[in-house]
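Presented below is the structure to which this report refers.
The values are calculated or read from the model by the stated rules, or taken from the named source; none is laboratory data. Note that this is a predicted model, so its numbers are computed, not measured. Positions of Cβ are generated from backbone atoms using ideal geometry, with glycine treated the same way; all protein chains shown enter the neighbour counts.
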Amino acid sequence: MVGPVTEATIIETEAYLGFDDPASHGWRGRLHAGNANLYGPPGTWYVYRSYGIHWCANLVCGGPGRGSAVLLRGGLPLRGLATMRRRRAGGGGADDRLANGPGKLCQALGISRDLDGILMPRSEVLVFENQNPGSDAIDVTPRIGITKAVDWPLRFRLRVP
């Protein structure tokens, strides 16, 4: 994962609530080798393969043993565009589409399973707090790309110009 510096503003996330959330990998306390890090302390990376193809990056929240996390769904590239384009070769398209999905985001930023289980502040991929855009700049909608609890309003998207 070591490589050129890339940077993006995270503009879309989805929350997964753990035990009581049928769309969560932590539904009813499910625990296996592939999702063990979902039950770690807050700030732990939980990275898994979606459909056996794309990496998806989550940050654990809610405390150890809760099985809850926030999926990083999309980003707006800021720095390292040439590197992102190269990583997304054949599928990058316009710069604003380099990281507009969880798999694309991971590919553009060079995120892989290597991050799984590492506390974010100690990892090579860092997430920083940005200025508060205000609640009127954030759309809250149902999550997408899932088949259970599809109506739960747990997707958050920053409106960008």
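Laid out as a table, the results:
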{"read-out": "Failed criterion for P4 (all others in (1) surrounded by fewer than 15 Cβ atoms within 10 Å (Cβ to Cβ); (2) modelled with pLDDT of 95 or more hold)", "value": "(2)"}
{"read-out": "Condition check for A149: of a type in the set (G, A, S) and farther than 24 Å from H32 by Cβ", "value": "no"}
{"read-out": "Those residues of the stretch 126-156 which are of a type outside the set (D, E), over 24 Å from D116 (Cα atoms) and assigned to a strand (DSSP E or B), in sequence order", "value": "I138, V140, T141"}
{"read-out": "Out of Q131, Q107, sole residue that is without any contact (Cβ under 8 Å) to a residue 40 or more places away in the chain, closer than 28 Å to V5 by Cα and polar (S, T, N, Q)", "value": "Q131"}
{"read-out": "Filtered residues of the stretch 20-43 (kept if touching a residue at least 60 places away in the same chain (Cβ under 8 Å), within 21 Å of V150 (Cα to Cα) and under 16 Å from the mean Cα position of the chain (by Cα))", "value": "A23"}
{"read-out": "Residue among S68, S135 that alone is touching a Cys at 6+ places or on another chain (Cβ under 6 Å) and either surrounded by 16 or more Cβ atoms within 10 Å (Cβ to Cβ) or over 21 Å from G26 (Cα atoms) (or both)", "value": "S68"}
